[in-house]
Each structure stands twice: as C-alpha cells, then as structure tokens.
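Please read the structure below before turning to the comments.
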Amino acid sequence: MYSKEEKLSLLSEMIQFAKADKKLNELEYNFILAIASQLQITKEEIDMLIEKEVEKKNLQPESQRILQFHRLILLMNVDQETSQIEIHKIKEIGLHMGLRPEAIDIVLEKMYDYPNKVIPPQELIAIFTRFYN
C-alpha cells in the first residue's frame, strides 16, 4: 500500500508532531513503534528518524491522508494530555494534507465525546464524508 519512502515519511511526521511540545515521551514513542511495526519499519529506523527527519511525501488518495490524520489524533491523545501547541500543530498538518478545515475542527471537537478521546474510525470517516459530498 505504501512505498518505503512513504512509510518513513508518515513516521517522521508522527515523530515531529510528538515533539511539538518539545518532548517525545515513552507512551508516544511506544505508539509510534507500534505503528512502525504494522508498517514493517524497525525500531532502529525509528530511532534514526528521531535524530533526522526525512523528506515529506504527500499521500494519495485522500483516504490515506485521513488515515494518517487519525493516527496523529491517536498519537496526540496517547498520553491523555492535549496541549494548545498540539491542537495548533495538528490543524496545521491537516491543512497541509489538503483536508477540509471544517472537518478538522469537528474531529477535534468530537474527540472529547469518546473515552480517552479516541474517535472511532467510522465516525472520523463520516465527518470527512459529510464535507466531500
């Protein structure tokens, strides 16, 4: 589904996002390792990405961008601390991905309606679908 470059780009973006509040904590690191494992990327490669980010690859189709945005939402909430810096950064990333600002805002509001702020994938898709039909 993804090329090696796209996988490294996704994970690099997640690492940079996790470091938005100036620290990459253990919960965030372990979450990124779990995603890396699903993508068949090694811990060594992740440790390398922490030291040096890679060139950003834009994902196609949009469903892949929405999936990455969902990963970032999960990463933001893994430590149960959501800072204004993270909210600002995730909005910025979503806009750079070409996602609709209205959909991004609704997702960020709705996440508080769910346990641990984990918005279900089908709810996320429904929100984005509403703005594209």
Probe radius 1.4 Å, ligands and nucleic acids ignored: give me the carbon and sulfur share of the accessible area of the chain as a rounded percent.
55
Specify the residue with the greatest mean-square fluctuation among 34, 18, 103, computed from a Gaussian network of the chain linking alpha-carbon atoms under 10 Å apart.
34
For the stretch 80-133, what does the alpha-carbon gyration tensor say about shape, rounded, prolate or oblate, given a ≥ b ≥ c as the root eigenvalues, a/c under 1.5 as rounded, and a/b over b/c as prolate?
oblate
What would the Debye equation give as log₁₀ I(q)/I(0) for the chain at q = 0.15, 0.17 Å⁻¹, counting only Cα atoms as equal point scatterers?
-0.69, -0.90
Under a 1.4 Å probe, what is the accessible area of the stretch 18-113 per residue, stated in Å²?
57
Within the chain, how many lysine pairs that are 8 or more places apart, or on different chains, have C-alpha atoms less than 16 Å apart?
17
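The values are calculated or read from the model by the stated rules, or taken from the named source; none is laboratory data. Not measured: the values here are computed from a predicted model. Just the protein is used for accessible areas: all its heavy atoms, side chains included, with ligands, DNA and RNA removed. Shrake-Rupley method; radii C 1.70, N 1.55, O 1.52, S 1.80 Å.
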